[in-house]
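Peer 1: What follows is a single structure, and I will ask about it in a moment.
The values are calculated or read from the model by the stated rules, or taken from the named source; none is laboratory data. This is a predicted model, so every value here is computed, not measured. Cβ atoms come from the backbone with ideal geometry, glycine included; neighbour counts cover every protein chain shown. Remember, those area values only see protein heavy atoms, side chains included, never the ligands or the DNA or RNA. Shrake-Rupley method; radii C 1.70, N 1.55, O 1.52, S 1.80 Å.
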Number of protein chains: 4
Amino acid sequence: MTIDKNKRTLTSSGFHVSQDAPVNTDNPIPTPEAPAPDVLRVAYMEIQVTDLAASREFYVDILGLHVTYEDDKEIYLRSAEEFIHHNLVLKQGDVAAVGAFSYRVRSPEDVDKAEAFYTELGCRVERRADGFVRGIGDSVRVEDPLGFPYEFFYDVDHVERLAWRYDLHIPGELVRLDHFNQVTPDVPRAARYMQDLGFRITEEISDSDGTVYAAWMRRKPTVHDTAMTGGDGPRMHHVAFATHEKHNILAICDKLGALRRSDAIERGPGRHGVSNAFYLYLRDPDGHRVEIYTQDYWTGDPDNPVVSWDVHDNQRRDWWGTPVVPSWYTDASLVLDLDGKPQEVVERTEEKEMDVTIGADGFSYTRADDDEDMPDWKKGEFKLGHQL
Amino acid sequence: MTIDKNKRTLTSSGFHVSQDAPVNTDNPIPTPEAPAPDVLRVAYMEIQVTDLAASREFYVDILGLHVTYEDDKEIYLRSAEEFIHHNLVLKQGDVAAVGAFSYRVRSPEDVDKAEAFYTELGCRVERRADGFVRGIGDSVRVEDPLGFPYEFFYDVDHVERLAWRYDLHIPGELVRLDHFNQVTPDVPRAARYMQDLGFRITEEISDSDGTVYAAWMRRKPTVHDTAMTGGDGPRMHHVAFATHEKHNILAICDKLGALRRSDAIERGPGRHGVSNAFYLYLRDPDGHRVEIYTQDYWTGDPDNPVVSWDVHDNQRRDWWGTPVVPSWYTDASLVLDLDGKPQEVVERTEEKEMDVTIGADGFSYTRADDDEDMPDWKKGEFKLGHQL
Amino acid sequence: MTIDKNKRTLTSSGFHVSQDAPVNTDNPIPTPEAPAPDVLRVAYMEIQVTDLAASREFYVDILGLHVTYEDDKEIYLRSAEEFIHHNLVLKQGDVAAVGAFSYRVRSPEDVDKAEAFYTELGCRVERRADGFVRGIGDSVRVEDPLGFPYEFFYDVDHVERLAWRYDLHIPGELVRLDHFNQVTPDVPRAARYMQDLGFRITEEISDSDGTVYAAWMRRKPTVHDTAMTGGDGPRMHHVAFATHEKHNILAICDKLGALRRSDAIERGPGRHGVSNAFYLYLRDPDGHRVEIYTQDYWTGDPDNPVVSWDVHDNQRRDWWGTPVVPSWYTDASLVLDLDGKPQEVVERTEEKEMDVTIGADGFSYTRADDDEDMPDWKKGEFKLGHQL
Amino acid sequence: MTIDKNKRTLTSSGFHVSQDAPVNTDNPIPTPEAPAPDVLRVAYMEIQVTDLAASREFYVDILGLHVTYEDDKEIYLRSAEEFIHHNLVLKQGDVAAVGAFSYRVRSPEDVDKAEAFYTELGCRVERRADGFVRGIGDSVRVEDPLGFPYEFFYDVDHVERLAWRYDLHIPGELVRLDHFNQVTPDVPRAARYMQDLGFRITEEISDSDGTVYAAWMRRKPTVHDTAMTGGDGPRMHHVAFATHEKHNILAICDKLGALRRSDAIERGPGRHGVSNAFYLYLRDPDGHRVEIYTQDYWTGDPDNPVVSWDVHDNQRRDWWGTPVVPSWYTDASLVLDLDGKPQEVVERTEEKEMDVTIGADGFSYTRADDDEDMPDWKKGEFKLGHQL
C-alpha cells in the first residue's frame, strides 16, 4: 500500500512514480548565480495574427473570451475567472507567430531578479517600466536560452472577475488560462534550465534508452504552467484554457459543428494520460493551437510524485488510446524575437515520438506485457500510411 | 421561418428536411396483405458469444448491466430503467453471431399478426408458446426477407425497475436499450420492407445520384428502433444502450482506460450528425459492436420531418468532423438462422460510403460550397493510406 | 426477482407498483359513447400575462426560448428541438391566467372526434377552421368537465428544428415542452375522465384511506403529458420544459442569481421521487409557475407498472427529502373560459397534502418503519410555523 | 472597466472587492516574534465517532472514500487524488468530537517553527517524533489560542494516487480534501491570529456596523483552507471534500435517497455566493457535518481581491437565495483538547447571522435597492416560525 519514496515504483495504472524526474542532461545551460524570480503563474500569451477580424470571431464570438480592450490593431481578452487585465493579446501582424509567453511574478522585486537572471545567462533582455502591452506595468522581456520570448511582470491593472456573471457565460465558458506548451529540440536541456528558473517537473514521457520526449513543469500547484515537447523549435505548441466541466468542452465542439467550422477541431476531445485532464485541441484561423482543458490534479506538495510514462504506452497521451493525429506532432507556431522577427527553428536530432510510436519502426501497446497487436482502429492514420 | 412541407428544404444546419424520405426501390419485397403487427419498441438482442466469462466481465463488470438470470450457458441482462425481464441475452456458442433481434408488440394478438405477416412473405417462421428464451412467453421468430432473425412477443415477466436504485448505479450507467443497427446490401429495398412492417424513416444518408447509404427508422418516438446500413449483409452492425448524460459515456471510456482495455473503444466518443445524439462505439470480446448513446430527439409526430444528409458532408456521422475509422464501415457480426447456423453474407453492389467519402476517389467537405481542402487531421487514416 | 403482475408489490425503493392505478371514483363524469380523439402529445400552453415586456425578458432573455413570432400583443415561443410553430404563446391581458392547454392529435379526423367527444359531454365547444392562434389551423377549444380550457389540433406550421444549432443554445437550453400540471379538487374524478380521453396513469400519491392527492397521466411514452394535483381548482399548477442534462437546470439558477432574480426560484433544484426526474420550479413575472425537468423514464408499454407513493413518504416529491415550500402547494394560476373570463375556483374538500404531511396533524417519514423523528432540517418551514 | 485597487469597489455581482479585508480587531492575540511555519495546505481531520461501523458505512460505503488502513478502533481514509496517507481519521470514542485539524507544512523545519510559534503564544504544545496517528511522522499538536486542536507535520507516508483508477470511482467520487470550517465567537480576533499564522483572507461576510459574521482564509490558492464562522465555539462546523463536477454531488443525494437516508442531507445542493462553489452539506451518523464542494476559483495572486458580502444579501450563502436551515447555523461538533477532553464552548456575544437575516428583527434582500419584500418561498422556515 505504502510507496517507497526512494524507489521508482510501477503503479497499478501502468506508469511509474518517483521522487525525482528521470530527466538528465549532459549539455546543461549554466545555472546562474543570480536567484531566480519567484514565478507565480502563467499569465498571458501575446499572439500575432494575420487577420484580426477572423481571430476575433474565433476567440470572442466562438470561444467566448471576454474583451478587456480592443482597437483595430489589437484585442485584449480574459477568461471568466481572471481578475488581471488579460490572458491573451491578439496583435495584427504579417506573420502568424507568438510574441510573448508571459508569467506573473510574486513581487516587483522579482522583476529585477528576472532581469538579473537572464542577463547573467547572456540573453537579450529588455525592460520597460510602462510595460510592453496595455494593462501591465514594469516588465522584463527576454529571448531565453531556448529562443523563446519570455516575459515577467508583477504590476497589472485589475478588472472585474466575471465568475459570478453567469448571465454572460456560454455553454463552453473558459474560466482560466491554464498553461503553455513549447516545442524545443532537447527536452532534458530545456527542463534543467526551467528547473533553475524554479519550475518543478510533474510528469514526463521517456523510453528505456533514456530519451525524453516531453516534460511537464509547474509553478502553480497544477500539472503545469508550461511543458516542453520534443521537436523542431523554438516553437509554440499550444496555449491552454480551462473550463469547469467536461460538458463545457463538448459544447465547444457542438458549436463549431453548428457553425460548420468543425475543421477547427484538430484532436480530441479525450482524456489525457499525462495530467489525467480532459482535453480538446483546436486550431485558430492562423493555425495557432489552442487547448481546452479541465480537471488535472493538485501538485503543490514538495514531494509530489513525478509521473513517468513509457513512450510506447498508447494511453500516455490519450487514456482511451485514441491515435494522435500526425499534425499534432508536426505543426507548431513560430515565435518572435524581441524585434518581432521569427526565431530560426532548429531540428530535433533525437528520436521523435511519432516515429517511435506509430511510424514504420515504432510500436505502441495498450498492455505492456501483451503480445497481441493493437486492433486496427487504435493504430492511427500515420501507421496505415507508412504501411502501404 | 415557416417551412413549406411540400418541398425539400435546406436547413441552416446543412442538411435537408422533407415530408417523405427520398428512399425508393425498383426491387421491392412484395407488401403482404396481412396487416403488420403493432411493434412497440426494440426489446432485446440475443447474442452468441464464444467465451461467456469474458462476455460477462465486459457487460456486467465493466458496463454494469444488471443480471436478471445467469447460469453457465447463458446470462440475461437489463438496463437500469427496464421493467421487462431483459434487454440482452448472452449465450455461449461456437461462433460469435446474433441469434435474435427482438421487438415487443402491443398485444398478444400482434404476435398472431407477425406470424401471418411473415408467413405471407414466404419466410421461415417458428412460433413457441413458451418462448425461445427465459422470461418471455408466446413468441414468433422468423428469418426475415433480408436474412435477419427477427422476433416478436408480447408476454414477458416483469422485474423491478432499478431507476431509483442509485446505490447500484455506476458512473457509466446504462438506462435503456435504445436501438439495433443492421447491415444489408440494398438499403432502399430494406427500408421499403420495414415501412411495410410499420416503421417510419426519420433520417437517411444519400447522394445526388440517389444512392442511399443508410436509413434510420423508428416505431417508438425516438430517431430509431433500428437502422439499415448499406454493406455486405445480413450482418449486425451494433446494438445500442442509452445513458442519461454525456459524462456517463465519458466515464465508460475512463474506466476502460483504467482497466487497460482502451482497445475496446473503436470510435468516439463524439456527437452524431444523424440523430444529434452523443455516442461511443465499443467492441466486446467477440468483436460485437455496442454503441452507447444519449440525447436524440422526439420523432413521434406523424409529420415529423425526415432529415436527409449528403454522404459527402463530413459532419453527417460525426458533427465534429472526426474521421470514421475504417473498421466501423467494414466489420460487423454474423447473424444466425433459426437453426443456429450463420447466414450467408451477400456483398453490397452499390457504392460504399467509405469509398465515396475517404477513399481514393471519394471526397468529403465541411462546408458544401467551400473549395478548400479539409485539413489533414480531418481526412482520416484510410485516405492517407490510399494516397501513399 | 420476478414481479407478480396481479399483485400490488412493494419495491426495494419504498413505493408500490401495480398494473392498475388505485384511483377510483364514486362520482364519475359519464363516459361518452363517442370515441376519444387520439392525442399525440402536449403541444403548447397559451398564457395571458399582464406585462408582455417583462414576460419576454423572462422567457426569451433569461430562459432562452426561441421566438417564432412576436408583436406588441403576443409572443410565440418554442423550445430548441421543436418543429411545430410554438410551445408557448404569451398574450398581453388584464389578468394573469391560462388561455389554453393545447394537445396535438394524430390526424385531422381526431379534431372531429374531440369536438364530438366534448359535445356529448355537454361542454361548451368552439371550433375554428383557421385556429385560435397563429401557426395552427383547424382547432377545437372546449371548457372541459373540470373547467379547463383544452384545445385539440392537428394542422400546424412547421419551423426549423434548432436541435443542431448549438451556436444558439444557452447553458440552460430548453429542448422540449414536457408536460402540464393542473389543480383540481377531486383527483380520482379527474383521472377517470382523463382515462376516458385516452390517458394512462403512470404514478400517483395516495394514503391508506384511499385519498388520492395527485395523479400523473400520459399519452406520449413519458411519465406525463399532464398531471392532476389535488387542490382548489380549476387552476394551472405549472407548465414544464425539458433540458438535456441536469447541469442545464443548475445553469438557469446560476443565471437568475447573476441577474439578481433568484427570487424567481420557488422550489428546487432537486430530484423528484415521482417520475425520478431532476427538477426546478420557477415563478414568472405574473407568478405563473414553470418547471424545468429532465430524465424521467419510458412508460410506453401497455403494461407499464403504475407507481404508487404513500403521501407520508417524504421522498415522494423530493427524493432527497427536501421540504416542499408551502407556496408550491397553495399557489396556482387562474384559467380562462372561452370568453376569456377567469373560471371560478372550487375548493378541495378532501384532505390536503400539505396538511397531512407537514401540517400540525400531519407527519412524514424517511423510512416507513422508523419511529425516529425526522431531523429538524427535513421538517420544513410550515411545520415549524405551526408548532410555535 | 479597470478597478481602482485603492478603493472598495461595488461589483456588478452585488458584492464589494478591496485589497484589504475589512476585518479588524481591538482585542488581538499578540503576534509572536517567532516566524510562522509555512503551511502548505489542509491535510486531514481526525474525528472521534461513537459507532465506528456506522461511520464506516457512511464514509466508505456511501461516500466512497478509500481505505488506507483500518482496524476495529480506527479507520484511515483518503480521497481519490490524494498521495499522502490519509485525509480523514475516524477513531472510536465515547464522545462525538474533533481530535485534530491537521495541516501539512512545507519542510521538516516548519514543524520546529510551528512548535516555537505556539510555545511563544503560551499554548499547550505537544510534539511526537513518531506522530500522533499512523502514516505520519514528526508532528506538533497544539491547543491553539482559539481552543482548537491544530496539528502540523511534514513527514508522511506516500500511497498510490487513485486519480486514474476510474474502475474504483463511484458516481459521487470525492477527489480532494478541500477545507475545514471552524466556529469561534470572535471572528476578527480569530482572523488576525490566522493572518499571523500566514493565512490570507479571501472573502468575508459583514454588515455596515462592522460586525463580521464569517471569514474565509487560505494557504493553498483556493478560496480557503479553513474558515472562521461566528458562533459559540470552539466547535467544528464542517470538513469539506471536493468532487470534479456538479453531477457528482447530485449523485450523492440520489444515492442517499436510494438508501432511504435522505435525512443525512442537511442543506443544499446549491451554489454558494461566497466562493462561487457548488455545495452540499451532509450530517454523518454522529452529526458531524461534511460538505461536498466543487469549483471555486484561483486566489493565489498576492493582490487577489478580497470579496466582501453584506450579511443582508440573501445570495451570499446561497446564490439562488435558498434559505439556510437553522440547524446549519446552530449545530456544530465539539473539539477535543490534547487530553481528549471536549473543550468548553464559549458563547458568541456579537450579533448572530441567523438573527439579523431571518430572525424577527432581521431582514434579507435579493436586490439591495429593492423595497419589495422577498416572496414567501425565500423567507425560510425560521422566519415563519418566529412570525407566528
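Peer 1: In segment A:370-381, which residues are at the interface with another protein chain (Cβ under 7 Å from one of its Cβ atoms) and at pLDDT below 85?
Peer 2: Passing the criteria: A:G380, A:E381.
Peer 1: Can I ask one more? Do we find a residue being in a loop (DSSP other than H, G, I, E, B), of a type in the set (A, V, I, L, M, F, W, C) and loosely packed, with under 14 Cβ neighbours inside 10 Å anywhere in segment C:1-16?
Peer 2: Taking every residue of segment C:1-16 in turn, at least one turns out to be in a loop (DSSP other than H, G, I, E, B), of a type in the set (A, V, I, L, M, F, W, C) and loosely packed, with under 14 Cβ neighbours inside 10 Å.
Peer 1: Ok, one more. Need pairs with beta-carbon distance below 7 Å; first residue over 14 Å from A:F15 (Cα atoms) and open to solvent by 70 Å² or more (accessible area, probe 1.4 Å) and within segment A:355-372, second at pLDDT below 90 and not in a loop (DSSP other than H, G, I, E, B); sequence gap 6+ or separate chains.
Peer 2: Close Cβ pairs satisfying both conditions: A:A360/A:H386.
Peer 1: Here's another thing I want to ask about it. Within segment A:353-363, can one find any residue that is of a type in the set (G, A, S) and closer than 16 Å to A:H237 by Cβ?
Peer 2: Scanning segment A:353-363, I find no residue that is of a type in the set (G, A, S) and closer than 16 Å to A:H237 by Cβ, so the answer is no.
Peer 1: Another question about this same structure. Within segment C:273-287, does at least one residue satisfy the condition of being within 30 Å of B:A43 (Cβ to Cβ) and assigned to a loop (DSSP other than H, G, I, E, B)?
Peer 2: Checked segment C:273-287: at least one residue is within 30 Å of B:A43 (Cβ to Cβ) and assigned to a loop (DSSP other than H, G, I, E, B).
Peer 1: D:L282 passes all but one of (1) of a type in the set (A, V, I, L, M, F, W, C); (2) under 22 Å from D:A215 (Cβ atoms); (3) within 13 Å of another protein chain (Cβ to nearest Cβ); which number fails?
Peer 2: In the conditions (1) of a type in the set (A, V, I, L, M, F, W, C); (2) under 22 Å from D:A215 (Cβ atoms); (3) within 13 Å of another protein chain (Cβ to nearest Cβ), D:L282 misses (2) alone.
Peer 1: Another question, then. Can you find a residue that is at pLDDT 95 or above, surrounded by fewer than 20 Cβ atoms within 10 Å (Cβ to Cβ), touching a strand residue (DSSP E or B) at 6+ places or on another chain (Cβ under 6 Å) and not β-branched (V, I, T) anywhere in segment A:78-86?
Peer 2: No, segment A:78-86 contains no residue that is at pLDDT 95 or above, surrounded by fewer than 20 Cβ atoms within 10 Å (Cβ to Cβ), touching a strand residue (DSSP E or B) at 6+ places or on another chain (Cβ under 6 Å) and not β-branched (V, I, T).
Peer 1: Right, here's the next one. How many residues are open to solvent by less than 10 Å² (accessible area, probe 1.4 Å), closer than 24 Å to D:F278 by Cα and polar (S, T, N, Q) when one looks only at segment A:227-277?
Peer 2: Count: 3.
Peer 1: Additional query: So C:N27 passes all but one of these: (1) more than 30 Å from C:D369 (Cα to Cα); (2) touching a strand residue (DSSP E or B) at 6+ places or on another chain (Cβ under 7 Å); (3) not small (G, A, S). Which condition number does it fail?
Peer 2: The failed condition is (2).
Peer 1: Return the residue satisfying two criteria in turn: it lies in segment A:287-314 and is within 14 Å of chain B (Cβ to nearest Cβ) and over 19 Å from the mean Cα position of the chain (by Cα), and of such residues it is most open to solvent (accessible area, probe 1.4 Å).
Peer 2: That would be A:D310.
Peer 1: Let me ask another. From A:T184, A:T211, grab the single residue that is β-branched (V, I, T) and touching a Ser or Thr at 6+ places or on another chain (Cβ under 8 Å).
Peer 2: On inspection, the qualifying residue turns out to be A:T184.
Peer 1: Can you tell me which residue among D:R367, D:R348 is within 12 Å of chain C (Cβ to nearest Cβ) and assigned to a loop (DSSP other than H, G, I, E, B)?
Peer 2: The conditions single out D:R367.
Peer 1: Based on what the data block shows, is A:T226 among the polar types (S, T, N, Q), touching a strand residue (DSSP E or B) at 6+ places or on another chain (Cβ under 8 Å) and more than 12 Å from every other protein chain (Cβ to nearest Cβ)?
Peer 2: Judged against the criteria, A:T226 is a match.
Peer 1: Could you grab the pairs with beta carbons closer than 8 Å, sequence gap of 6+ or different chains, first residue in segment A:3-14 and touching a residue at least 12 places away in the same chain (Cβ under 8 Å), second one among the charged types (D, E, K, R) and not in a loop (DSSP other than H, G, I, E, B)?
Peer 2: From residues that are touching a residue at least 12 places away in the same chain (Cβ under 8 Å), the pairs are A:G14/A:D313.
Peer 1: Given the options D:W328, D:W319, name the one that is closer than 30 Å to D:I3 by Cβ and touching a Lys or Arg at 6+ places or on another chain (Cβ under 6 Å).
Peer 2: D:W319
Peer 1: Now for a separate question. Within segment D:18-76, which residues are of a type in the set (A, V, I, L, M), surrounded by 16 or more Cβ atoms within 10 Å (Cβ to Cβ), touching a helix residue (DSSP H, G or I) at 6+ places or on another chain (Cβ under 9 Å) and not in a loop (DSSP other than H, G, I, E, B)?
Peer 2: D:V39, D:L40, D:I47, D:V49, D:I62, D:I75 - these are the residues of segment D:18-76 that are of a type in the set (A, V, I, L, M), surrounded by 16 or more Cβ atoms within 10 Å (Cβ to Cβ), touching a helix residue (DSSP H, G or I) at 6+ places or on another chain (Cβ under 9 Å) and not in a loop (DSSP other than H, G, I, E, B).
Peer 1: Which of the numbered conditions does A:P323 fail, given that it passes all the others? Conditions: (1) facing another protein chain (nearest Cβ under 9 Å); (2) more than 16 Å from the chain's Cα centre (by Cα); (3) modelled with pLDDT of 95 or more.
Peer 2: Just one mismatch for A:P323, condition (3).
Peer 1: Is at least one residue of segment C:320-334 closer than 25 Å to B:T294 by Cα and of a type in the set (D, E, K, R)?
Peer 2: The answer is no; no qualifying residue exists.
Peer 1: When you go through B:D138, B:D155 one by one, which is the residue that is surrounded by fewer than 20 Cβ atoms within 10 Å (Cβ to Cβ), among the charged types (D, E, K, R), over 28 Å from B:P185 (Cβ atoms) and within 14 Å of another protein chain (Cβ to nearest Cβ)?
Peer 2: Unique residue meeting the criteria: B:D155.
Peer 1: Return a yes/no flag: does segment B:120-134 have any residue that is charged (D, E, K, R), over 24 Å from the mean Cα position of the chain (by Cα), farther than 30 Å from D:L63 by Cα and assigned to a loop (DSSP other than H, G, I, E, B).
Peer 2: yes
Peer 1: Which condition does D:I170 not pass, out of (1) open to solvent by less than 10 Å² (accessible area, probe 1.4 Å); (2) within 14 Å of chain B (Cβ to nearest Cβ); (3) over 30 Å from A:Q19 (Cβ atoms), if it passes all the others?
Peer 2: (1)
Peer 1: Within the set of pairs 6+ apart or on separate chains, which have a first residue in segment B:92-105 that is on the phi > 0 side of the Ramachandran plot, a second that is charged (D, E, K, R), and C-beta atoms under 6 Å apart?
Peer 2: Note: no pairs meet the criteria.
Peer 1: A follow-up question, please. Working carefully through the options D:V42, D:V17, D:V67, find the one that is closer than 30 Å to D:G257 by Cα, within 14 Å of chain A (Cβ to nearest Cβ) and of a type in the set (A, V, I, L, M).
Peer 2: D:V67
Peer 1: Still on this model: Just a yes or no: is a residue in segment B:184-196 within 14 Å of another protein chain (Cβ to nearest Cβ) and in contact (Cβ under 8 Å) with a residue 40 or more places away in the chain?
Peer 2: no
Peer 1: Also, I was wondering about something else. Would you check if there is a residue in segment A:325-340 being within 27 Å of A:E151 (Cα to Cα), β-branched (V, I, T) and open to solvent by less than 10 Å² (accessible area, probe 1.4 Å)?
Peer 2: Yes - at least one qualifying residue is present in segment A:325-340.
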